[in-house]
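Contents: one structure, followed by commentary.
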Amino acid sequence: MNSNPNISPRLVLGLETSCDETAAAIVSEDKQILANVVLSQLDEHRPYGGVVPEIAARAHIDHMDRLILQALDEAGVGFQDLSAVAATSGPGLIGGVMIGMMTGKAIAAASDLPFMGINHLEGHALSVRLSDEVAFPYLLLLISGGHCQILVVRDVGDYERLGTTIDDAAGEAFDKTAKILGLGYPGGPAVEKAALKGDQTRFKLPRPLKGQPGCNFSFSGLKTAVRREAEKLGDNITQQDVYDLAASFQLALSDSLQDRLKHALSHYLDKYAPSEPSLVMAGGVAANTYLKNNLSTLCADHGVTLVAPPPSLCTDNGAMIAWAGVERMKIGDFDGLDIGARARWPLDPDAPPAIGAGKKA
Ligand code: KG4
Ligand code: ZN
């Protein structure tokens, strides 16, 4: 197989199609992002207030080829200049995952390149090593629309999961809160913006699992409490009420994250005694500046450095998939073209399932 040993630095094409972003990127092994094209399907899904899997899959088919050609064009390279192809192979909406993965396999086969089926969560987990210098082992708070987990990233492909959500993911809680408050879709950025004008102390919302042992999360009670408060206000709800509820929700969610992270930090520091202790935020919700500011205080108290990739690498993108490909290419960890698409794919297969955890675990 030709992995183009003469090309230096080596380049990896990364494809991402696991949810509602169709994305293609080209990243070099020396951390240059030559192209990072992301097409969001927001307009297609907005009327439904959430992602419709069939619409997403069809949109990936419509746009994937063009986006790959655009990425090659922006990078000024051709297929012959690549050293490997990486595509998300799960977890995610299976129709979309199959489209990106089959496209990646076809390019790899036609260009005689090695292929890597990337775990989307590993894409998020390693993205910080593309933007920053972070050494293993680091503590990872992975907060996205589909997941909310705390893991120790010990190495490429080597994770210890400390906690996960037993119901909704953090991004899901943001999206549902936005829907209840009529703030539109996607909810995260809208809630963050509304909260800036609100009084975060006005509504007393629950902090699920606070004070209990362990590192698991629960957010469905919080979302229900927001709904109840909104229903109490009824038709008389004012713009300021919405701002105050958004701010109170964000504070409650931030408190929950911090409470769970305190346990995780103790475990990480005691068990691994890292020489450069770091807490990394990743996933779409890590784009939230308010949460980032609150966590930086927590980290300072524990002598730990907080690192978050820039927002463009936090929300779903192809560069994080290409970069996970670079990390795996460096250790020669390639896949055969018979690798399948996976709707579920835990980073730590040994982690016990969280009680009550459904598809998010
Ligand atoms: O990582 P991502 O792009 O897709 C998944 O893998 O799920 O995350 C999307 C999630 C959505 O729930 C979105 O509302 C949330 O990230 N999000 C935010 C912010 N930006 C995106 N949540 C809170 N604050 C933000 N600024
Ligand atoms: Zn994601």
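The values are calculated or read from the model by the stated rules, or taken from the named source; none is laboratory data. Because the structure is a prediction, the values reported are computed rather than measured. FYI the Cβ positions are ideal-geometry reconstructions off the backbone, even for glycines, and counts take in every protein chain you see. Accessible surface areas use protein heavy atoms only, side chains included; no ligands, DNA or RNA. Shrake-Rupley method; radii C 1.70, N 1.55, O 1.52, S 1.80 Å.
Give me the percent of Cα-Cα pairs in the stretch 176-302 that sit more than 24 Å apart, rounded to a whole number.
32 percent
With everything on Cα atoms, drop me the angle between helix 220-233 and the longest principal axis of the chain, reported from 0 to 90° to the nearest 10.
The two axes meet at around 50 degrees.
Among the lysines, which have Cα under 30 Å from the Cα of Lys210 when same-chain residues fewer than 8 positions away are ignored?
Answer for Lys210, where 30 Å is the Cα cut-off: Lys176, Lys179, Lys193, Lys197, Lys223, Lys232, Lys262, Lys271, Lys292, Lys359, Lys360, listed by chain and number.
Give me the distance in nm between label points sitting 7 Å out from Cα along the Cα-to-Cβ direction at Ala110 and Lys330, one decimal.
Result: 3.1 nm between the two label points.
For the pair Gln80/Ile94, report the inter-label distance in nm, with labels modelled 7 Å from Cα in the Cβ direction.
Output for this residue pair reads 4.0 nm.
Rank-order 329-340, 116-127, 264-275, 219-230 by packing density, defined as the average count of other C-beta atoms within 10 Å over each peptide's residues, highest first.
Final packing ranking: 116-127, 219-230, 264-275, 329-340.
Compute the helix-to-body angle for 53-75: its Cα long axis versus the longest principal axis of the chain, expressed 0 to 90° and rounded to tens.
50 degrees
Based on the mean of other Cβ atoms within 10 Å per residue, sort peptides 288-296, 13-21, 307-315 so the most packed one is first.
Going from most to least packed, we get 13-21, 307-315, 288-296.
In whole percent, how big is the carbon plus sulfur part of the accessible area of the chain, probe 1.4 Å, protein atoms only?
52 percent
FRET efficiency for Asn236 and Lys271, Cβ-Cβ distance as r, R0 = 51 Å, nearest 0.05?
Taking R0 as 51 Å, the efficiency between Asn236 and Lys271 is 0.45.
Please list, in order along the stretch 111-119, the HN-Hα scalar couplings obtained from phi with the Karplus expression 6.51 cos²θ - 1.76 cosθ + 1.60 (θ = phi - 60°), rounded to whole Hz, x for Gly and Pro.
9, 6, 10, x, 10, 10, x, 8, 6
Any idea what Rg and Dmax come out to for the stretch 1-121 if you just take the C-alpha atoms, in Å?
14.3, 49
Under the rule of -39500 (n - 2.57) per DSSP H run of 4 or more residues, summed and divided by the residues of the chain, what mean residue ellipticity at 222 nm is obtained, to the nearest 500 deg cm²/dmol?
-13500 deg cm²/dmol
With a point put 7 Å past each Cα toward its Cβ, work out how far Glu54 is from Ala300 in nm, to one decimal.
In this crude spin-label approximation the distance works out to 5.2 nm.
With a 1.4 Å probe and all protein chains left in place, how much accessible area per residue does the stretch 207-257 have, in Å²?
44 Å²
Any idea of the accessible area per residue across the stretch 154-201, 1.4 Å probe, to the nearest Å²? It would help to have the intermediate numbers written out before the result.
Values: 1930 Å² over 48 residues.
Here the per-residue accessible area is 40 Å².
Using Cα positions and a limit of under 16 Å, work out the aspartates and glutamates in reach of Lys105, with same-chain residues fewer than 8 apart set aside.
Lys105 reaches Glu16, Asp65, Asp333, Asp335, Asp338.
All other residues with a Cβ under 15 Å from the Cβ of Asp241 taken together, and with Lys, Arg as +1 and Asp, Glu as -1, what is their net charge?
+1
Based on the Cα atoms of the chain, what semi-axes does the equivalent ellipsoid have, where each is the square root of 5 times one gyration tensor eigenvalue, given in whole Å with the largest first?
Semi-axes from the Cα gyration tensor: 35, 24, 17 Å.
Can you find, among Pro310, Leu142, Val97, the residue farthest towards the positive end of the dipole of the chain? Put +1 on the C-beta of Lys and Arg, -1 on that of Asp and Glu.
Of the candidates, Leu142 comes out farthest on the positive side.
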